[in-house]
1. Tell me the label-point distance for the pair residue 51, residue 9, using the 7 Å Cα-to-Cβ offset, in nm and rounded to one decimal.
2. Limiting things to C-alpha atoms, what are the Rg and the maximum Cα-Cα separation (Dmax) for region 7-74, in angstroms?
3. Work out how much length residue 30 to residue 71 would gain on full extension: take 0.36 nm times their residue separation and subtract the Cα-Cα distance, in nm to one decimal.
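No lab work stands behind these numbers, since they all come straight from the coordinates. The structure displayed is predicted, hence computed values, not measured ones. Cβ placement follows ideal geometry from the backbone for every residue including glycine, while neighbour counts extend to all protein chains displayed.
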């Protein structure tokens with residue numbers, strides 16, 4: 001059973017970085033039947049479990065840019081949570097779920 005420490009949550013801003021697309025494109029993708037359902041819909045927006053996004057990427061052949069996601073967590077002005085590990089510096093990395 002997963003504990004709260006095992007769950008990594010991301011919002012649209014993190015998906016923009018991770019998928020390398022615009023916010024508008026994130027909304028388009030999120031409307032697709034194969035895109036994971038968010039774990040919650042807040043007034044601020046939807047949030048997803050990173051593991052669900054990784055699974056979707058693996059199933060659809062999408063590349064995830066963990067370096068871009070990690071860069072968000074190192075920006076002191078960014079509201080994004082830290083703790084996301086990155087792949088090789090400067091490259092997009094495909095991670096298996």
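1. Modelled inter-label distance: 1.6 nm.
2. Cα only, region 7-74: 11.1, 33 Å (Rg, Dmax).
3. Gain in length upon complete extension: 12.5 nm.
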